[in-house]
1. By a straight-distance test (C-alpha under 19 Å), which aspartates and glutamates pair with LYS259 as possible cross-link partners, with residues fewer than eight away in the same chain excluded?
2. If I compute solvent accessible area with a 1.4 Å probe over the protein chains, what percent of it on the chain is carbon and sulfur?
3. Would you mind calculating the gained length between ASP100 and LYS58 on full extension (0.36 nm times residue separation, minus the Cα-Cα distance), in nm to one decimal?
4. For the ranges 216-227, 136-147, what's the packing order if you count other beta-carbon atoms within 10 Å of each residue, average per peptide, and put the highest first?
5. With the chain treated as a Gaussian network of Cα nodes joined by springs under 10 Å, which of GLY120, GLY84, GLY66 yields the largest mean-square fluctuation?
6. Would you look at the GNM of the chain, springs on alpha carbons closer than 10 Å, and say which of THR85, THR102, THR38 moves the most?
7. Which entries of LYS58/LYS250; LYS69/LYS136; LYS20/LYS150; LYS83/LYS200; LYS136/LYS200 show an alpha-carbon separation above 29 angstrom in the structure shown?
8. Accessible area, 1.4 Å probe, largest first: how do ARG263, ARG199, ARG166 sort?
Amino acid sequence: MNSLVTQVLDRLVADIEAGKNPWKKSWKGSSGMPLNGTTDRTYRGINTLILWLEADAKGFSSNRWGTFKQWGGAGRYVKKGEKGTPIVFYKVIEKGQGDDATTFPMLRVSWVFNETQLDGEAAQPQAAEPPTPEEKHIRAMAWLDGLGMKIGQGAPAYIPALDELRMPMPSEFTSLDEYWATLFHESVHWTGHKLRLNRKLVSQGAELEYAAEELVAEIGAAFLNASFGIDIEKNNAAYLRGWLSKFDNKREAIFEAAKQAGRAFEFLTVQPQAMEQAA
């Protein structure tokens, strides 16, 4: 892992340990997820957390980002003196030729600028009125119905042996947002089943494995909260800090958890769910 990537991850870990909570935001428009300003694609994994933290620290009002070249190609230009934000990506490197050719991923850094750092007016469309709690509930229910997961009554939990979520009734929560934030957390656990993303789901007895899965579920839930406009008082940073403290190498733990959370988010929101459910 190169030195700049290490610095980025160390900053992220330090912010979480300091109790910063970048996903406690007033969501605008249809999504609080960071988007590429020229392709409208959502940034993934650790980059989502990095861009949330930077937007929170700098007070950026837009969730749209792009490289200097991308903005220039769209006729937008970065203001003089503005500094970019480093994000990470994998570049496939090829070595050798013919039958001896091999490929391997190498972690690289790219620099992006927020739309607020550009000259001229923001190009993104005017934000729509925030959805009402009932509108968010209807949208989330439609999403949940499309997943086809089994949900039984009980304290919030995902039970791998039964491939089933347990949830109290929505009326038992202080708000619909609290209900959905909790269900999102458990639904990320659900993606780890062997029929889906096949993560290592373990009992609380295996402390590090359990801590890693809780990091995945909490970060994945933050991604879902942003996507559905769910805004709750829960301090995710304090929760993450508790699980992150279990690891000696915190930067690798948060990097891997964010990567797995990004895969879970995509599975739950993009990938078709037409699959055989476990008995």
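1. ASP10, ASP15, GLU54, GLU186, GLU209, GLU213, GLU214, GLU218, ASP248
2. 51 percent
3. Computed gain between ASP100 and LYS58 is 10.3 nm.
4. Highest mean packing first, the order is 216-227, 136-147.
5. The residue with the greatest mean-square fluctuation here is GLY120.
6. Highest fluctuation of the listed residues: THR102.
7. Result: LYS69/LYS136; LYS20/LYS150; LYS83/LYS200; LYS136/LYS200 exceed 29 Å.
8. Result, largest first: ARG263, ARG166, ARG199.
The values are calculated or read from the model by the stated rules, or taken from the named source; none is laboratory data. Remember, it's a predicted structure, so these values are computed and weren't measured experimentally. Please note: Cβ atoms are built from the backbone with ideal geometry, for glycine as well, and neighbour counts cover all protein chains shown. Quick note on the areas: whole protein, heavy atoms, side chains included, nothing else; ligands and nucleic acids left out. Shrake-Rupley method; radii C 1.70, N 1.55, O 1.52, S 1.80 Å.
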